[in-house]
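Data block below; observations after.
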Amino acid sequence: MKFGVIVFPGSNCDRDVVMVLRDLLQQPTRKVWHEDSDLADLDVVVIPGGFSYGDYLRCGAIARFSPAMQATIAHAQQGKFVLGICNGFQILTEAGLLPGALIRNRQLQFICDRVSLRVERAVSPWTPLYQPGEVITLPIAHGEGCYYADADTLASLEDHQQVLLRYCTPTGELTEVSNPNGSVHHIAGICNRQGNVLGMMPHPERAADPVLGNTNGRRLFEGVLAAAAIA
């Protein structure tokens, strides 16, 4: 598979993602500048974390109009894979590829921590190497990571099993204390109904190298490779 990692002015996690894909997983990977619009050679587009365009107006509000994102929308509509991490998740909601919105954290403070996450579904192109109900640990780093959607949207997400990750305790319980940013339904990651587009606030690329002592995130990238091999 060939991966592309979009780079906006203000992106700061693009190199981390490239390192995981190109160096650890040895997959063909190229950076895509935000002004580029040719994604025809790519199988997977990754929108990394950071502060695209300085997060002016609203996180992701400007990035959604970039040539690279317009091409990413077309890429997703063709059924190809798209992964948005942190700021990338925010951009995906602004672009309409995923429902809902990411708003200020409940305590109105930036959070940089490691959190427990419950994998809700393993029947997904992104999570086949996890077990349903498995609790993993991934880093988070965001100021506007509180997922919000209206009641009808939430009901649709739940009915169609689009919630892939929830914030939880180390034993998998959903408590107020275990929800670091106040996200509704403890939502940390969702996919579109087709399953090819995933947005998540935690950073899997920061938990992929054994030297860091945590490879829970690596299985996410390996999972999409495994899913593609079966397809």
Residue in the stretch 11-20 that is surrounded by 15 or more Cβ atoms within 10 Å (Cβ to Cβ), at pLDDT 95 or above and over 14 Å from residue 205 (Cβ atoms) present
no
I'd like to check something: does the stretch 201-213 contain any residue that is within 22 Å of residue 129 (Cα to Cα), in contact (Cβ under 8 Å) with a residue 60 or more places away in the chain and surrounded by fewer than 13 Cβ atoms within 10 Å (Cβ to Cβ)?
no
Look through the stretch 121-135, keep the residues that are out of contact with any Gly (no Cβ under 8 Å at 6 or more places or on another chain) and not polar (S, T, N, Q), and return whichever of them is modelled with the lowest pLDDT.
123
Which residues, counting only those in the stretch 32-83, are in contact with a Lys or Arg (Cβ under 6 Å, 6 or more places away or on another chain) and aliphatic (A, V, I, L, M)?
42
Of everything in the stretch 62-117 that's β-branched (Val, Ile, Thr) and touching a Phe, Trp or Tyr at 6+ places or on another chain (Cβ under 9 Å), which residue is surrounded by the fewest Cβ atoms within 10 Å (Cβ to Cβ)?
103
Can you tell me which residue in the stretch 21-58 is surrounded by the most Cβ atoms within 10 Å (Cβ to Cβ), limited to those that are of a type in the set (S, T, N, Q) and either closer than 21 Å to residue 91 by Cα or touching a helix residue (DSSP H, G or I) at 6+ places or on another chain (Cβ under 8 Å) (or both)?
52
Could you name every one of the strands (runs of 3 or more DSSP E) located completely within the stretch 113-231 that has at least 3 residues being within 27 Å of residue 54 (Cα to Cα) and touching a Pro at 6+ places or on another chain (Cβ under 7 Å)?
135-142
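The values are calculated or read from the model by the stated rules, or taken from the named source; none is laboratory data. Computed from a prediction, not measured in an experiment: that's the story for all the values here. Every residue, glycine among them, receives a Cβ derived from its backbone with ideal geometry; neighbour counts consider all protein chains shown.
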